[in-house]
1. Go through the cysteines of the chain and tell me which have no other cysteine Cβ under 4.7 Å away.
2. If you stretched the chain out fully between R78 and S57, how much longer would it get, using 0.36 nm times the residue separation minus the C-alpha to C-alpha distance?
3. Under unit Cβ charges (Lys, Arg +1; Asp, Glu -1), what dipole magnitude, rounded to 20 debye, does region 218-309 have relative to its Cα centre?
4. Which number gives the lysine pairs in the chain that have C-alpha atoms under 16 Å apart and are eight or more places apart or on different chains?
5. With a ≥ b ≥ c the root eigenvalues of the C-alpha gyration tensor of region 50-189, is it rounded (a/c under 1.5), prolate (a/b larger than b/c) or oblate?
6. Once you have a ≥ b ≥ c as the square roots of the Cα gyration tensor eigenvalues for region 116-192, tell me rounded if a/c is under 1.5, and otherwise prolate or oblate according to whether a/b is larger than b/c.
7. Quick one: P(r) of region 273-417 from all Cα-Cα pairs, 5 Å bins, percents rounded to integers, in order of increasing distance.
8. Projected onto the charge dipole of region 290-381 (+1 at Lys/Arg Cβ, -1 at Asp/Glu Cβ, origin at the Cα centre), which of A376, A335, V303 gives the Cα projection farthest towards the positive end?
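We did not get these values from a lab; they are worked out from the coordinates using the rules stated. Computed from a prediction, not measured in an experiment: that's the story for all the values here. Quick reminder, even Gly has a Cβ in these numbers, built from the backbone with ideal geometry, and neighbours come from all protein chains shown.
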Amino acid sequence: MYCGSCLRDNALAAELVARGHDVTLVPLYTPLLTDEANVTRSEVLFGGINVYLQQHSAIFRKAPKFLDRLLDRPGIIRTFADRAVSTDPKLLGDLTISMLEGRDGALRKEFSKLLDWVRAEPAPDIVNLPNSLLIALARPLREALGRPICCTLSGEELFLGNLLEPYRSKALALIRKQAAEEVAQFIAVSEYSARFMADYLGVPSERITVVPLGVNVDELAGRTRSSTADPFRIGYLARVAPEKGLHVLADAFARFRRRQPSANARLDVAGYLAAADKPYLAKVQDQVARAGLSTDFAYHGVVDRAGKIAFLQGLDVLSVPATYDEPKGLFLLEALASGAAVVQPRRGSFTEVVEKTGGGQLVTPDDPEALAEGLASLWRDRALTARLGQQGQEGVRAHYTIQQSAARLVATYDAVIAGQHQPASVPPRARAH
């Protein structure tokens with residue numbers, strides 16, 4: 001799937017390279033998938049096949065290097081990843097704990113391979129881990145390189161919250177301990193995330209810097225606005241899964257159409273669909289069919305970069321009524337930059353994005369009736385929809401470009417390297433490096 005965190009990291013790396021910085025972006029578990037030019041290294045560390053086999057069989061923890069190299073080949077990993085390997089937290093508690101135990105856990109061989117790789121590379125000025133589920137990498141990397149470690153907070157609380165006990169409590173305890181001791185500075189992708197994670201991880205707020213998400217706005221501009229004679233297009237662009245709230249949107253769409261039976265409106269959906277969630281989509285389609293709206297609903301599958309731009313530029317309004325407090329919301333920025341208005345629940349990062357950009361409406365969370373009224377109000381007033389779309393485009397350019405995000409990230413790195421941010425456990429010599 002096109003993961004919002006991967007899209008963010010790849011876009012930032014590309015922008016930093018364009019600014020003259022040397023960036024090494026290395027995928028872990030599987031090759032990174034992005035809809036823009038991919039700037040990752042070809043190799044994959046902690047290859048997903050090896051990690052899985054070592055977790056479940058002691059034999060593979062002592063496998064020869066030639067077998068490791070074979071199983072770590074990106075093509076082989078991609079082949080198995082494409083066969084719907086589950087990422088359900090309910091099934092991955094033991095593997096999560098092993099990763100967080102680091103060199104003391106079942107995956108110690110992978111940590112040794114990482115350090116061998118690192119020692120063969122030019123030493124960086126700084127290392128940035130993509131989320132706190134990988135925080136066990138911090139100490140070995142800091143000790144091997146003598147460089148500070150940052151860690152982005154990118155929504156891993158949803159995964160952690162869905163782990164079964166006792167894995168959830170143990171995983172959170174392991175992260176909290178290493179957060180206090182090993183990471184120089186955390187980087188949150190939204191103000192909401194910074195507030196929530198400070199309490200969740202027990203990290204002082206001054207050790208979390210907000211680097212807002214950013215998008216490449218130029219490609220997303222240029223939408224041709226629809227006339228009142230055209231269908232009013234409501235869109236959903238996100239992973240098709242219960243927590244993203246497609247069923248809430250389908251319910252709201254049906255309510256809107258019952259109130260306005262003559263409305264020329266449709267609901268278009270795109271995004272990654274895991275094999276495990278195919279029954280969920282079928283239930284949503286049945287929900288729409290029972291409302292008599294099947295001809296006004298379509299699932300367009302996974303869309304590439306060109307397909308995504310075309311999809312977004314054809315929308316009047318986008319809504320992804322997630323049923324949890326979303327810390328990122330990259331799809332909102334892309335829709336707003338494309339000129340679509342948004343209607344979102346007042347929760348998580350959605351609130352700050354909509355309020356900062358002025359590009360949409362906020363409604364009561366988990367309330368299809370409130371969402372239906374928000375959609376209906378924009379259908380009734382196309383001038384308002386157009387105005388919100390224009391404000392959204394301008395708001396993204398004022399607050400959420402990839403250039404602004406990269407500049408903020410570099411400023412954070414500069415402060416860390418200068419020694420302004422260090423965990424208490426780092427000895428003075430290491431801080432001065």
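1. C150, C151
2. Working: separation 21, 0.36 × 21 = 7.56 nm, distance 2.16 nm.
Gain on extension, R78 to S57, equals 5.4 nm.
3. Values: 15 positive and 10 negative charges, 62 e Å.
The calculated dipole for region 218-309 is roughly 300 debye.
4. 9
5. On the way: a/c = 1.60, a/b = 1.08, b/c = 1.49.
The shape class here is oblate.
6. Values: a/c = 2.37, a/b = 1.70, b/c = 1.39.
Prolate shape, in that a/c is at least 1.5 and a/b is the bigger ratio.
7. 2, 9, 15, 18, 21, 17, 9, 5, 3, 1, 1, 0, 0
8. Towards the positive end, the residue furthest out is V303.
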